[in-house]
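Shown next, in structure tokens, is the structure this report addresses.
The values are calculated or read from the model by the stated rules, or taken from the named source; none is laboratory data. Owing to the predicted nature of the structure, the values given are computational and were not obtained by experimental measurement. As a convention, Cβ positions derive from the backbone with ideal geometry for all residues, glycine included, and neighbour counts pool all protein chains shown.
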Amino acid sequence: MSVTESARHPSTCPLDCPDQCSLSVTVEKGRVTRIGGTHANPFTAGFICAKVRDFGNRVHGKERVLHPTIRTETGWKEVSWEEAMTLVADRFREIIETDGPEAILPVWYGGSNGFLTGGGADQRLWNRLGVSQCDRTLCAANTSAAVRMAYGELPSASLEDIEHSAALLLWGVNPSASGIHLVPVIKRLRERGGKLVVVDPRRTPMAEVADVHLAVLPGTDVPVALAMAHIAFTESLADEVWLEANADGWESYREAARAWTPARAAATAGVSAADIERAAQLYADATPAMVRPGWGLERTRNGTDSVRAALLLPAVFGKFGRRGGGYVMSTSSGLRARPVEWQGTSQVPAFNLSSLGRELRERQERPIRAVYVYNCNPVATLPDQAAVVAELSRKGRFLVVHEQVWTDTCAIADVVLPATTFLEHRELSNAYGTYMLQWSEPVIPPVGEARSNHEVFQDLGRRLGVVDPMTEEELASRVLGTMPQAPSLAEMKERRVLHLTSPVQFVNATPGRQRVQFTPVPRHRPPPADAKQPLILVSPATPHAISSTLYESERNAILGVNAEDAQARGLKEGDVVRMWNSRGEVRVPIRIDDTVRAGVVVLPKGIWRHATRNGWTSNVLIPDHVDEYGLGACYYDARVEIEAE
């Protein structure tokens with residue numbers, strides 16, 4: 001059926017969420033008029049979040065980039081694709097000839113992209129050209145490092161496995177905002193008498209119904225996890241027989257845990273020692289029991305250690321070996337895909353995206369002369385926002401942005417190219433909370449003159465003398481061919497949704513030859529920046545958006561403040577405050593928020609500059625240091641003060 005006819009079309013949501021909903025998209029006269037869920041993905045069960053339900057407003061909205069646009073001395077000018085791509089290719093060719101390909105830096109992310117639009121034709125081109133690269137460390141770098149350090153290649157359990165759990169330890173994740181299909185699973189767990197422990201600085205909807213809510217201060221997860229291990233070892237709740245057979249270094253870990261009594265951990269984390277003890281006992285008593293860490297606890301200088309400390313609890317308490325037990329982290333690695341086989345490799349030392357502003361500024365020898373941004377909005381998402389803005393807009397540095405809507409990064413670019421949304425291009429994508437692969441076709445023609453990543457990178461490659469004849473379908477076949485459980489592309493296209501059975505950890509899935517590693521023992525360290533500031537700033541996902549995507553229409557950001565902290569500063573509901581530290585300041589109104597614990601303030605993640613009174617977001621206050629092991633961003637290390645404007 002033609003995509004221009006009025007009809008319902010199957011599709012897949014690729015946005016940065018572990019669930020990956022199967023969709024039904026209604027199209028009338030080439031416009032998306034309705035988006036709903038289907039049961040093709042059994043986990044997402046026919047319902048979707050409001051973010052995606054309203055995605056048609058982004059596709060056809062006034063912020064959409066419709067035509068190639070270049071900056072001139074007198075302002076912005078719409079041009080043809082030929083003129084825009086000639087300009088980009090000529091500038092890149094000149095840079096390569098005079099400074100070498102390493103003077104070009106692609107800046108991209110992939111949280112809302114599948115295999116074809118993130119790490120496909122783009123990475124094939126960059127690797128063949130030999131340009132500089134960015135390690136994409138904003139999210140999941142520290143969690144990935146934690147999994148590797150503790151469990152090697154052990155695949156994650158699936159969110160679906162929680163249906164078999166008798167208890168769930170939900171740590172640093174709020175599925176009500178970022179992964180709503182876990183919510184009914186938890187509801188069913190509670191209905192059958194299962195126990196729920198939530199560790200989160202905020203009283204989230206899941207914390208409201210939990211048996212125990214540990215409202216820890218951000219960055220104090222290691223003491224709480226070690227205190228739970230302390231209880232396990234001192235009260236004979238640990239499975240030392242299993243540890244002896246399957247783990248190395250656990251004796252050193254046991255010694256470290258002995259120092260973290262519940263009272264000491266409670267004083268550090270700002271919670272009750274009795275609640276830590278109760279959480280440990282509930283978890284110990286339940287079989288099977290699952291730990292579900294999120295990505296909130298990784299966002300400090302203790303990030304990898306925090307996640308590792310939580311992930312090691314199933315080993316300490318002996319919770320592996322049954323479906324519904326163990327841990328759920330990202331399931332992506334369980335597909336066993338081998339990107340090197342379709343991307344190639346790079347020999348160029350990489351920048352750390354989490355420190356991009358500083359690294360661009362400090363690179364004196366062979367500086368970066370051109371930056372190509374796609375699949376991300378770095379001005380809205382990177383730490384040390386002021387440095388990022390200054391460096392990306394530095395005179396003489398050529399900035400190209402390939403984007404769906406006019407972002408903060410587009411506003412400082414030299415060339416802006418219109419990009420397709422997931423409803424306008426084909427995609428092969430995987431869920432990262434379950435074992436699910438999905439294939440989707442475009443449901444509408446490209447809006448305006450939008451072009452897909454695959455098309456643009458192949459065009460740019462041809463212009464630079466790097467011809468890549470691989471089609472999207474050939475690329476998808478190559479990707480599927482590296483996955484042991486994946487079907488052929490023909491079968492994938494016919495089925496559209498492939499539901500794989502998740503492995504049972506330490507039954508039909510093991511770390512390979514590696515035993516569980518408890519060393520180095522997770523450590524707790526205070527933040528290194530602005531330590532004297534009394535408040536901790538966190539920037540979580542919300543029901544409106546998980547990343548900076550979809551915040552183009554948000555104009556009025558509000559800072560959530562605990563009533564005790566507001567009263568101490570003479571502040572009341574609606575007051576505009578100056579939130580500041582040594583890096584900068586943000587001016588926003590406040591809301592007295594009883595879900596936020598004292599000592600913590602909350603400003604949503606991913607908001608754009610127009611959402612605050614002075615054009616800066618929380619990222620201007622976030623330091624650009626990184627975690628020791630994962631080298632990931634430390635968003636929740638921001639210490640601030642607030643005062644009336």
Item to complete: Output the residue which, of all residues in the range 185-199 that are touching a Lys or Arg at 6+ places or on another chain (Cβ under 9 Å) and of a type outside the set (Gly, Ala, Ser), is surrounded by the most Cβ atoms within 10 Å (Cβ to Cβ).
Response: 197
Response to the item:
Only one of (1) surrounded by fewer than 22 Cβ atoms within 10 Å (Cβ to Cβ); (2) in a strand (DSSP E or B) does not apply to residue 577, and that is (1)
Worksheet item: When you look at residue 113, is it over 20 Å from residue 360 (Cα atoms) and surrounded by fewer than 23 Cβ atoms within 10 Å (Cβ to Cβ), yes or no?
Response: no
Fill in: Condition broken by residue 511, with the remaining ones in (1) crowded, with 18+ Cβ neighbours inside 10 Å; (2) touching a His at 6+ places or on another chain (Cβ under 9 Å) satisfied
(2)
Worksheet entry | Among the candidates 559, 550, residue that is surrounded by 19 or more Cβ atoms within 10 Å (Cβ to Cβ) and at pLDDT 95 or above | 559
Discussion item. Which of the numbered conditions does residue 148 fail, given that it passes all the others? Conditions: (1) over 22 Å from residue 438 (Cα atoms); (2) outside the structural domain of residue 413 (by TED's automatic domain parsing); (3) in contact (Cβ under 8 Å) with a residue 24 or more places away in the chain.
Written reply: (3)
Response to the item:
Over the range 176-213, the set of residues at pLDDT below 95 and in a helix (DSSP H, G or I) is none
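Going residue by residue through the range 32-51, is there one that turns out to be in a helix (DSSP H, G or I) and surrounded by 20 or more Cβ atoms within 10 Å (Cβ to Cβ)?
Initially, the range 32-51 is screened for residues in a helix (DSSP H, G or I), giving 50-51.
Within this subset, residues satisfying the condition of being surrounded by 20 or more Cβ atoms within 10 Å (Cβ to Cβ) are 51.
Yes - at least one qualifying residue is present in the range 32-51.
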Practice prompt. Kindly provide the set of residues from the range 471-495 that are farther than 17 Å from residue 122 by Cβ and surrounded by fewer than 14 Cβ atoms within 10 Å (Cβ to Cβ), ordered by number.
Written response: 484, 485, 488, 490, 491, 494
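From the list 354, 346, which one is in contact (Cβ under 8 Å) with a residue 12 or more places away in the chain, surrounded by fewer than 21 Cβ atoms within 10 Å (Cβ to Cβ) and under 30 Å from residue 301 (Cβ atoms)?
Numbers: 354 fails: surrounded by fewer than 21 Cβ atoms within 10 Å (Cβ to Cβ).
Going through 354, 346 in turn, the sole match is 346.
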Worksheet entry | Qualifying residues in the range 487-517 (those that are among the charged types (D, E, K, R) and part of a loop (DSSP other than H, G, I, E, B)) - the one nearest to residue 326 (Cα to Cα) | 515
Worksheet item: What residue, of 44, 86, 33, is among the β-branched types (Val, Ile, Thr), in contact with a Lys or Arg (Cβ under 8 Å, 6 or more places away or on another chain) and modelled with pLDDT of 95 or more?
Response: 86
Worksheet entry | Given (1) touching a residue at least 60 places away in the same chain (Cβ under 8 Å); (2) surrounded by fewer than 17 Cβ atoms within 10 Å (Cβ to Cβ), number of the condition residue 567 does not satisfy | (1)
Practice prompt. Could you check how many residues of the range 628-645 are closer than 20 Å to residue 531 by Cβ and out of contact with any strand residue (DSSP E or B) (no Cβ under 8 Å at 6 or more places or on another chain)?
Written response: 2
Worksheet entry | Lone qualifier among 311, 237, 282, 243 - being buried (at least 24 other Cβ atoms within 10 Å of the Cβ) and either modelled with pLDDT of 95 or more or of a type in the set (D, E, K, R) (or both) | 311
Worksheet item: Is there any pair with a first residue in the range 518-529 that is in contact (Cβ under 8 Å) with a residue 12 or more places away in the chain and part of a loop (DSSP other than H, G, I, E, B) and a second that is of a type outside the set (Asp, Glu) and loosely packed, with under 14 Cβ neighbours inside 10 Å whose Cβ atoms are under 6 Å apart and which are 6 or more apart or on different chains, and what are they?
Response: 519/252; 521/252
Item to complete: Can you work out which of the residues in the range 580-598 that are in contact with a strand residue (DSSP E or B) (Cβ under 6 Å, 6 or more places away or on another chain) and not in a strand (DSSP E or B) is surrounded by the fewest Cβ atoms within 10 Å (Cβ to Cβ)?
Response: 595
Practice prompt. Check whether at least one residue in the range 441-462 is polar (S, T, N, Q) and either outside the structural domain of residue 85 (by TED's automatic domain parsing) or in contact with a strand residue (DSSP E or B) (Cβ under 8 Å, 6 or more places away or on another chain) (or both), and report yes or no.
Written response: yes
Practice prompt. For the range 161-184, state whether one or more residues are over 30 Å from residue 360 (Cα atoms), surrounded by 21 or more Cβ atoms within 10 Å (Cβ to Cβ), hydroxyl-bearing (Ser, Thr, Tyr) and over 16 Å from the mean Cα position of the chain (by Cα).
Written response: yes
Fill in: Spans of helices (runs of 4 or more DSSP H) in the range 272-377 with at least 1 residues acidic (Asp, Glu)
273-285, 303-311, 340-343, 356-362
Worksheet entry | Scope the range 482-494; condition free of Cβ contacts under 8 Å to residues at least 60 places away in the same chain and not aliphatic (A, V, I, L, M); matching residues | 487, 488, 491, 493, 494
